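Each remark here refers to the structure printed beneath this line.
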Amino acid sequence: MYERELRCTGCGKTYDLIDYYSCDSCGGILEVCYDYEALRRENTIDRIVPEAGESIWRYKMLLPISDEGCMVSLAEAGTPLIRSGNLSRILGAEQLYLKDETRNASGAFKDRPISVAVSKAVELKKTAVTAASSGNAAASLAAYAAKVQIPCYIFVPEGTPVGKVAHAVVCGARMIKVKGDYSNSYKMAGIASKEFGWMNITTTFLNPYSFEGDKTVAYEIYRQMGGHVPDWVLVPTGAGPLVFGIYKGFVELKNLGLSTTVPRMAAIQVEGCAPIVEAFEKGGRGVKAWKDVRTVASAIGDPLRGYERDGDLVVRVLKESNGVALAVSDAEVLRGVRDLARTEGIFSEPAAAAPVAALRTLLRRGTITRGQSVVCVITGHGLKDPTSALEGVDVPVIEPDLKALEGLDLRHE
Ligand SMILES: *Cc1c(COP(=O)(O)O)cnc(C)c1O
Ligand SMILES: [Zn+2]
């Protein structure tokens, strides 16, 4: 409602709020800008940033859709912020919170960016949408496209987890598998969008409306912590719009006079695909595409080939927030999945447990101290990718009698 224009994060050039995907002068990433002064002048803070609850559209004044009739919702968001007890004790972090994004309509946070981008497609009267996805955006986009009855065409890497593909197929998406890593799917969505006029809803930094939805995580955390801002937010990071969006949300809260600080942001990647971490450790700009993606955390296996600038923008934000970037191993990620499930009863997919894995290291190094407040964003549900969780596990089958049961090793691990 208070959105004003798209602005290039590189050179500052501005554009109307229609389907632009990058700056035509410098190729930079476009971002939605708002008239914060008018927003503040004309509304009370409680109306601008109400309590967390069902639907991202309770924050509509800070989202780039004006026509209420175009706002599409599947009752996403409003996910719980859980104060961790058991996990907190194991890790030695006294104020650990879990933002449980597995509770979204499609089981992943992607419902936030997708609901905004699909609403924009409706507002712009687009007749079809497309996207590249590592799986969760596919499931989400398929669901929202079904809700508004727009055809959607989705490109995913060949090895995408079956639960994600199934979700999208059942919702009626036209699914196309592309050989190679995620960047090949990204390329195909771009080609198809140009050729057929489908709106491109790929949830990297390509669609400038999508990552506005990610901001709402910050508003919810702020409200759920009783008007406080955490010291740290740890986010699994692919191209990085989620970590960028959450930071933007906290900056907005500060600019609106609601808080005096912003959190330090930690972008967590995996050792088998860590282009942002690599550039961050070298101290600056110049993210390079990753060559050989190998990881169990498929949702963050984004090599950024052809859109390395996405990584540069994330590095910029990490530095601005005095944050860090860290890569964890697949083994640490899988241990994180088990830790989270066995201490808090939350079943996450591998990528979603990366912050838990990283927190161990960051505490050990002293980057994060025991007393600081930490939010780990648990981005997606384990049921969409159960294969990795069952690896190396043998579930016995027995005859239905006591003898057979007594023949098993019943010690609890
Ligand atoms: C998409 C995704 C991410 C990464 O989000 P980006 O915004 O691309 O950095 C993390 N976890 C899960 C489960 C995802 O689906
Ligand atoms: Zn530009």
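Couple of notes before you dig in:
- Entries in LYS110/LYS164; LYS164/LYS288; LYS110/LYS319; LYS254/LYS282 that, when Cα-Cα distance is taken, lie over 18 Å: LYS164/LYS288; LYS110/LYS319; LYS254/LYS282
- Placing one equal scatterer on every Cα of the range 183-334 and applying the Debye formula, the log10 ratio I(q)/I(0) at q = 0.12 Å⁻¹ is -0.52.
- Angle between the chain longest axis and helix 111-123 axis [Cα atoms, degrees, rounded to 10]: 30 degrees
- Net charge in the neighbourhood of SER348 (other residues with Cβ under 11 Å of its Cβ; Lys, Arg +1, Asp, Glu -1) is -4.
- Per residue Cα convex hull volume in Å³ - calculated over the range 316-404: 148 Å³
- For the pair the range 280-348 / the range 1-25, the C-alpha centres are spaced 27 Å from each other.
- With the simple spin-label model, which puts each label point 7 Å out from Cα in the Cβ direction, the GLN149 to VAL169 separation comes to 2.6 nm.
- Trypsin sites (Lys or Arg not before Pro) lying in DSSP loop within the range 356-413, provided at most 14 other Cβ fall within 10 Å: ARG370, ARG411
- Within a Gaussian network of the chain (alpha carbon springs, distance under 10 Å), most fluctuating of PRO236, PRO208, PRO161: PRO161
- The range 190-209 and the range 81-158 have Cα centres spaced 17 Å apart.
- Rounded to the nearest 20, the Cβ-based charge dipole of the chain about its Cα centre (Lys and Arg +1, Asp and Glu -1) stands at 660 debye.
- Residue ranges 385-392, 129-136 sort as 129-136, 385-392 when ordered by packing (mean number of other C-beta atoms within 10 Å per residue, highest first).
- For the range 125-229, GluC sites (Glu not before Pro) meeting the loop criterion (DSSP other than H, G, I, E, B) and having at most 15 other Cβ atoms within 10 Å: GLU158.
- Per-peptide average of other Cβ atoms within 10 Å, ordering 163-176, 106-119 highest first: 106-119, 163-176
- Note that the chain, at 10 °C in a medium of 1.306 mPa s, gets a Stokes-Einstein diffusion coefficient of 74 µm²/s from its Kirkwood radius over C-alpha pairs.
- Dividing the summed -39500 (n - 2.57) terms of all DSSP H runs of n ≥ 4 by the residue count of the chain sets its mean residue ellipticity at 222 nm at -10500 deg cm²/dmol.
- Under a Gaussian network description of the chain, with springs only between Cα atoms under 10 Å, the residue in LEU383, LEU141, LEU253 that fluctuates furthest is LEU383.
- Nearest 10 degrees, 0 to 90: helix 241-255 Cα axis against the chain principal axis: 60 degrees
Taken together, the values in this text are just the output of simple stated rules run on the coordinates, not laboratory data. Keep in mind that this is a model prediction, so the values were computed, not measured. Don't worry about glycine lacking a Cβ; one is built from the backbone with ideal geometry, like all the others, and counts go over all protein chains shown.
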